[in-house]
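Each remark here refers to the structure printed beneath this line.
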Amino acid sequence: MTLTGLIAIYVRQNWRPYVLAALMLASVSALTVFIPRHVGRIVDGLAAGRLDSAALIGQLGWLVLAGVLIYFLRVAWRLQLFAASYRLGAQLRTRLYARLCLQGPHFFHQRGTGDLMALATNDIDAVEMASGEAMLAGFDGTLTLIMVVAMMTLGIDWRLALAALLPFPFMAFAFWRISSHIHQASKDSLEHFGRLNDHVQETLTGVRTLRALGLESRSAARLSELAESAASASLRAQRWEAAFEPAVGITLVSATVLTLGLGGTLVWQGALTIGALTAFSMYLGQLIWPMFAAGWVLSLMERRRAAWGRLQPTLDTPLSIDDHGTQSEAPVGALLLKGVTFSYPGHQALALSGIDVRLMAGHTLGVVGATGSGKSTLVRLILRQYAASEGHIRWGAHALADYTLDTLHRALSWVPQEPFLFSASVAENIGLAKARATLAEIENAARLACIDEDIARMPQGYDTPVGEKGVSLSGGQRQRVAIARALLADASLLLLDDALSAVDTQTETTILQHLQELRKASRDKTTIIVSHRLSAVRDAEHILVLKDGRIVEQGKHASLLALGGWYAAQWRYQQLQASLDAD
Ligand code: ADP
Ligand code: MG
């Protein structure tokens with residue numbers, strides 16, 4: 001996708017404001033070139049004594065009218081165009097956001113959040129500016145330039161025009177040099193700003209850790225270094241932009257000197273009237289705007305090119321989760337993993353190898369094992385955050401990869417160990433899982449997740465704001481809010497990845513009981529429970545014990561105990577610990 005292509009499509013879809021603005025600009029240009037010619041006629045009329053005062057006032061009236069019209073038309077075209085370019089910015093942002101939402105975890109490991117935020121703000125701003133104002137200023141400048149030069153050559157005297165325009169190629173050269181510097185400086189400035197943003201975002205997210213490690217001053221030093229370089233790159237771009245003005249000034253002075261020199265001689269010889277020379281020098285003055293427009297447009301274009309150079313690769317990064325599936329009917333039936341082997345992109349070690357498991361619809365699968373044994377990885381493959389390197393996963397009639405992500409996400413509900421709460425009320429955070437959930441349904445879900453009493457104690461009950469900007473909840477409370485959300489979603493497949501790790505054992509047991517009752521009541525609801533507490537999986541139809549990415553033991557609770565392996569030992573240990581805690 002090229003930006004020109006993108007803008008072309010955009011302009012075609014929103015041609016009205018652009019055409020309207022272009023028409024108004026054409027009228028402005030026509031009126032603009034009318035003025036010097038008219039002034040020239042007045043001067044000649046006065047010199048020849050042909051104008052009496054009444055006629056003079058009449059002629060001046062036309063000038064005033066033209067001035068007023070130009071003013072209003074200029075305001076109007078700007079309004080038209082700002083609106084159009086803001087809409088383009090909004091579209092680009094939506095596009096970027098939609099693209100980012102489809103990316104998997106791998107993408108976000110590589111890209112800093114702060115830098116992505118800078119893309120959505122600064123970089124898109126630069127594209128937006130270039131696509132609205134700069135485009136029309138370019139059009140306006142070119143049109144005015146053509147008309148003014150045409151009036152100078154055809155309307156007045158081509159020899160004079162040739163002389164006056166002599167310095168302009170030098171200016172064009174200067175402009176070209178300046179704009180290449182602006183390009184480099186803006187690119188640096190956008191990149192530095194992205195890095196600065198990244199640093200701020202990381203620091204704010206990890207501020208507790210930084211404090212605990214006593215790294216504040218180092219982080220602050222790094223920040224000032226980044227801010228410094230962002231500022232200096234930005235300043236460098238500004239400084240080069242400032243160079244446009246003297247270039248225009250020098251050109252204009254030289255052109256005026258040439259005009260008056262040659263023009264004076266022509267008047268002397270009687271080849272040119274004073275009025276025509278006056279009109280000519282006024283035209284020269286009118287070239288200022290096209291020249292500034294050219295400089296300005298060039299610098300905006302360079303900024304845009306730099307910004308697009310950063311945006312495009314992000315928009316075009318292949319999705320780290322392929323969404324080539326076409327099946328859009330909800331998956332029904334058993335979940336089957338056959339010979340599933342996986343290593344994380346860029347890593348040699350196998351996070352999972354040779355996983356075979358069949359989970360019947362309506363059953364519960366327990367997954368246990370030490371930290372790093374591959375439990376979360378297994379969940380991520382089923383969520384299709386990653387694709388298996390070898391082997392395959394089937395759900396119901398089709399391979400997992402054959403479903404559209406949308407279909408899959410509708411059928412799945414996932415509660416991670418560290419759930420995410422949005423800046424919204426508790427009720428909204430729970431209700432998120434289901435379109436048009438009633439308050440009664442939300443309250444019921446909260447009761448089943450054993451969070452209802454906690455909510456009742458919050459300052460505004462269900463309306464209490466939580467998440468980033470709300471009251472801070474404990475880890476266990478956050479987990480229970482997330483469980484309530486999942487219960488409300490009532491998806492065909494529920495994946496709990498150590499989702500109750502911060503809740504006490506007693507409460508966990510109660511929640512799991514509610515969960516099982518609810519899911520058994522509506523048939524065919526399948527559940528996968530990953531837990532470090534074996535009590536959480538004891539009632540599961542099947543339990544997997546993972547070690548270093550392999551299944552080392554499997555079966556029901558009783559048979560695993562009888563096996564006398566890791567599970568049995570861990571069970572005894574956890575029972576002992578529970579009885580010690582109870583004392
Ligand atoms: P568990 O959930 O059982 O604690 P994980 O599935 O998170 O274990 O991890 C399994 C293995 O994969 C570990 O060796 C871990 O270091 C590795 N791993 C986990 N996440 C990533 C990742 N994003 N990139 C690379 N390796 C990873
Ligand atoms: Mg894990």
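Looking at ASP402, ASP406 in this structure, which one is more than 28 Å from the chain's Cα centre (by Cα) and among the charged types (D, E, K, R)?
ASP402
Take the residues in segment 432-449 that are in a helix (DSSP H, G or I) and touching an Asp or Glu at 6+ places or on another chain (Cβ under 8 Å), then tell me which one is surrounded by the fewest Cβ atoms within 10 Å (Cβ to Cβ). Show your work before the answer.
Initially, segment 432-449 is screened for residues in a helix (DSSP H, G or I), giving 439-448.
Next, only the ones that are touching an Asp or Glu at 6+ places or on another chain (Cβ under 8 Å) stay: 443, 446.
Details: GLU443: 17, ALA446: 26.
Taking the candidates together, the pick is GLU443.
Quick one: which residue in THR377, THR326, THR371 is under 28 Å from GLN570 (Cβ atoms), open to solvent by 20 Å² or more (accessible area, probe 1.4 Å) and β-branched (Val, Ile, Thr)? Spell out how you get there, then give the answer.
On the way: THR377 fails: open to solvent by 20 Å² or more (accessible area, probe 1.4 Å); THR326 fails: under 28 Å from GLN570 (Cβ atoms).
From the options THR377, THR326, THR371, the qualifying one is THR371.
Among the residues of segment 339-351 satisfying the criterion of being outside any loop (DSSP other than H, G, I, E, B) and surrounded by 15 or more Cβ atoms within 10 Å (Cβ to Cβ), which is farthest from ligand 2 (Cβ to nearest atom)? If you could, list the steps in order and put the result at the bottom.
Just the residues of segment 339-351 that are outside any loop (DSSP other than H, G, I, E, B), to begin with: 339-342.
In the following step, the residues that additionally are surrounded by 15 or more Cβ atoms within 10 Å (Cβ to Cβ) were identified as 340-342.
Details: VAL340: 17, THR341: 18, PHE342: 14 Å.
Ranking the candidates gives THR341 first.
Of the residues ALA361, ALA427, only one is more than 26 Å from GLN570 (Cβ to Cβ), away from ligand 1 (no atom under 13 Å from the Cβ), in contact (Cβ under 8 Å) with a residue 60 or more places away in the chain and small (Gly, Ala, Ser); which? If you could, list the steps in order and put the result at the bottom.
Details: ALA427 fails: in contact (Cβ under 8 Å) with a residue 60 or more places away in the chain.
Exactly one of ALA361, ALA427 is more than 26 Å from GLN570 (Cβ to Cβ), away from ligand 1 (no atom under 13 Å from the Cβ), in contact (Cβ under 8 Å) with a residue 60 or more places away in the chain and small (Gly, Ala, Ser), namely ALA361.
Check segment 450-460 and report whether any residue there is in a helix (DSSP H, G or I), charged (D, E, K, R) and closer than 22 Å to LYS434 by Cβ. Give the steps one after another, and end with the answer.
Residues of segment 450-460 in a helix (DSSP H, G or I): 452-457.
Subsequent filtering for residues that are charged (D, E, K, R) retains 452-454, 457.
Those still in the list that are closer than 22 Å to LYS434 by Cβ too: 452, 454.
Within segment 450-460, one or more residues are in a helix (DSSP H, G or I), charged (D, E, K, R) and closer than 22 Å to LYS434 by Cβ.
Could you list all residues from segment 262-277 that are open to solvent by 40 Å² or more (accessible area, probe 1.4 Å), under 14 Å from ARG159 (Cβ atoms) and touching a residue at least 24 places away in the same chain (Cβ under 8 Å)?
Scanning segment 262-277 gives LEU262, ALA271.
Pairs needed: first member in segment 373-388, among the aliphatic types (A, V, I, L, M); second member anywhere, open to solvent by 10 Å² or more (accessible area, probe 1.4 Å); C-beta distance under 6 Å; at least 6 residues apart or different chains.
Final answer for the pair search is VAL379/ASP497; LEU381/ALA388; LEU383/TRP414.
Looking at GLY285, GLY263 in this structure, which one is assigned by TED's automatic domain parsing to the domain that holds MET117, at pLDDT 90 or above and not acidic (Asp, Glu)?
Details: GLY285 fails: at pLDDT 90 or above.
The match here is GLY263.
Among the residues of segment 510-538, what is the count of those that are under 22 Å from PRO416 (Cβ atoms), more than 16 Å from ligand 2 (Cβ to nearest atom), of a type outside the set (Val, Ile, Thr) and not in a helix (DSSP H, G or I)?
Final tally of qualifying residues: 1.
Tell me which residues, restricted to segment 377-404, are within 16 Å of ligand 2 (Cβ to nearest atom) and either of a type in the set (Gly, Ala, Ser) or out of contact with any helix residue (DSSP H, G or I) (no Cβ under 9 Å at 6 or more places or on another chain) (or both). If you could, list the steps in order and put the result at the bottom.
Keep residues of segment 377-404 that are within 16 Å of ligand 2 (Cβ to nearest atom), which gives 377-383, 385-386.
Within segment 377-404, THR377, LEU378, VAL379 qualify.
Taking the options GLN80, GLN91, GLN103, GLN59, name whichever one is surrounded by 15 or more Cβ atoms within 10 Å (Cβ to Cβ), in contact with a His (Cβ under 8 Å, 6 or more places away or on another chain) and either assigned by TED's automatic domain parsing to the domain that holds LEU136 or within 30 Å of ALA134 (Cβ to Cβ) (or both).
Details: GLN80 fails: in contact with a His (Cβ under 8 Å, 6 or more places away or on another chain); GLN91 fails: in contact with a His (Cβ under 8 Å, 6 or more places away or on another chain); GLN103 fails: in contact with a His (Cβ under 8 Å, 6 or more places away or on another chain).
That would be GLN59, the only listed residue that is surrounded by 15 or more Cβ atoms within 10 Å (Cβ to Cβ), in contact with a His (Cβ under 8 Å, 6 or more places away or on another chain) and either assigned by TED's automatic domain parsing to the domain that holds LEU136 or within 30 Å of ALA134 (Cβ to Cβ) (or both).
Which members of segment 534-557 meet the condition of being within 14 Å of ligand 1 (Cβ to nearest atom), open to solvent by 10 Å² or more (accessible area, probe 1.4 Å) and not acidic (Asp, Glu)?
If the condition is that a residue be within 14 Å of ligand 1 (Cβ to nearest atom), open to solvent by 10 Å² or more (accessible area, probe 1.4 Å) and not acidic (Asp, Glu), then LYS547, ARG550, ILE551, VAL552 are the ones that fit.
Give SER232, SER186, SER217, SER179 a once-over and let me know the one that is modelled with pLDDT of 90 or more and not aromatic (Phe, Trp, Tyr). Break it down into steps so the answer makes sense when it comes.
Working: SER186 fails: modelled with pLDDT of 90 or more; SER217 fails: modelled with pLDDT of 90 or more; SER179 fails: modelled with pLDDT of 90 or more.
Among SER232, SER186, SER217, SER179, only SER232 is modelled with pLDDT of 90 or more and not aromatic (Phe, Trp, Tyr).
The values are calculated or read from the model by the stated rules, or taken from the named source; none is laboratory data. Bear in mind the structure is a predicted one, so any value in this text is a computation, not a measurement. With ideal geometry, Cβ positions are generated from the backbone for all residues, glycine too; neighbour counts draw on all protein chains shown. Ligands, DNA and RNA are excluded from the accessible area calculation, which covers all protein heavy atoms including side chains. Shrake-Rupley method; radii C 1.70, N 1.55, O 1.52, S 1.80 Å.
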